[in-house]
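Each remark here refers to the structure printed beneath this line.
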Amino acid sequence: MKPGPFPLKKRWRTFVKAALLLRPAMSRHDFSIPLTFKHRIVFTRDAFAPENPVLPELLAEGGGRRVLAVIEENVAKAWPALAGKIANMLETSGLTSRGVHVLPGGEAVKADDSLVRSVWQLIDEGHIDRHSYLLAIGGGAFLDAVGYGAATAHRGVRLVRFPTTTLAQDDSGVGVKCAINHFGKKNWVGSFAVPFAVINDFDFLHTQDEETRRAGLIEAVKVALVKDAGFFEWIEAHAGRLASLEPEALETCVERSALLHARHIAEGGDPFEAGSSRPLDFGHWAAHKLEALSGYTFGHAHAVATGLALDTLYAAKAGYLSDSDAARVLAVLETLKLPLYHEAFDLRGLDGRRLVFDGLEEFREHLGGRLTVLLLAAPGKGIDVHQMNESVLETCIEELRAKG
């Protein structure tokens, strides 16, 4: 006799319940997603000249046709024929220009997202898609803000950077980051976005004012101290020529610095800074805080110089670096006419503690984990430390005040 339908259903429900009880509480599946980026760094002169093939060849490599260009306002003033030159080059190269626009620049454009929104609007109006190109011509802060706009439009459009300042050409412009400031903190909102290409046009270098040209060399000093003792010795030997802004020395210094930065990013094993060690940020924990405390009237290059001086002196007093090597570093900074001290060091909270020391915790948060600060053991050799003694830092700041 066959069982009725109810007993069968009951037995089936019992079976399903038993199977569910035996099923693991969690099912995990890990997939690897390997990514490969080409980081193109080019050094040239007169990049937009009709006879210069660099840019047309780079754009042809990517296959896109539409091109939108944005120029920092100060650069456009210094180069009044630049916009027309770019438009002419695009036309003669058979590319489809979506306009050449002049936008505000300077550190102020990182204070909020106004410039980012302007870039989004231009990208939308120009129908710039992920196979098109955005050319950005300007200094580091301008490239940061425009780069963030490019990185977030369509989840990333192709960006070709044309850094125009010493600081941008020898460091930030060849990096893979873009950001604006928020919550009173440097680079709080941003992204990692490898540019399609970076074109360092040396013609731009020599039209900056002397102070801007000279100050940007601090990032070359920094990367030399962190990565290449031989390069630091070269800077030391040529410090007078660099201070005088001799074109050959300046261009050599910028190129060597840019390639060291790019090589570290591409070959250092942590291009998107997933770890807590960031050697290229030597001197930056204090620099970023000093910038914020000054309301960003203290420029990044000068702030890095003071931060680098502070960490160099601290390394000597903590026993990591010899006094003679510390003196060599400070002597180079002084020869390059870079500041060792700023009045923002003296700002204190209600408890009397220097506000610049808050930069250590902010640096830790920015790293996303354990505080890791690189200090010098010798030129070209760094050591990671995970805490800093504020009493020793106090002594260092007072010494820098006396020197500065």
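Values quoted throughout were computed directly from the atomic coordinates according to the rules given, and no laboratory measurement underlies them. Quick caveat: nothing in here was measured; it's all calculated off a predicted structure. Counting neighbours? That spans all protein chains shown, and the Cβs are built from the backbone with ideal geometry, glycine included.
In table form, for the structure just shown:
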item	result
Nearest-0.05 FRET efficiency for HIS29 and ALA78, computed from C-beta distance (R0 51 Å)	0.40
Over region 221-403, relative contact order from alpha-carbon pairs under 8 Å, at least 6 apart, %	29 percent
Order of SER322, SER257 under a 10 Å beta carbon neighbour criterion, fewest first	SER322, SER257
Neighbourhood net charge (9 Å Cβ-Cβ; Lys/Arg +1, Asp/Glu -1) for VAL223	-1
Length released on extending from THR395 to LYS38, taking residue separation times 0.36 nm less the Cα-Cα span	124.0 nm
Where N is the number of residues in the chain, Cα Rg divided by 2.2 N^0.38 Å	1.20
Cα→Cβ-extended label distance, 7 Å offset, between GLU61 and ALA274, nm	2.6 nm
DSSP-defined beta bridges in region 41-208 - what % are antiparallel, rounded to 5	20 percent
For the chain: relative contact order, % (alpha-carbon pairs under 8 angstrom, 6 or more apart)	13 percent
Local net charge near HIS261, Cβ-Cβ under 9 Å (Lys/Arg +1, Asp/Glu -1)	-1
Leading residue at positive end of dipole, the chain (Cβ point charges), from VAL198, PHE345, THR166	VAL198
Cα gyration tensor category, rounded, prolate or oblate, for region 242-332 with a/c compared to 1.5	rounded
Gyration tensor (alpha-carbon) shape descriptor, region 257-404, a/c threshold 1.5	rounded
ARG45-ALA237 FRET efficiency (beta carbon distance; Förster radius 35 Å; 0.05 resolution)	0.85
Mean residue ellipticity (222 nm) of the chain, computed from DSSP H runs ≥ 4 via -39,500 (n - 2.57), nearest 500	-14500 deg cm²/dmol
Distance from region 162-203 to region 252-315 (C-alpha centre basis), Å	12 Å
Positive-end extreme of charge dipole, the chain - chosen from HIS131, ALA179, GLY307 (charges on Cβ)	HIS131
Net charge of neighbours whose Cβ lies under 12 Å from the Cβ of HIS386, counting Lys and Arg as +1 and Asp and Glu as -1	+1
Relative packing of 221-228, 122-129, 191-198, which averages over residues the other C-beta atoms within 10 Å, highest first	221-228, 191-198, 122-129
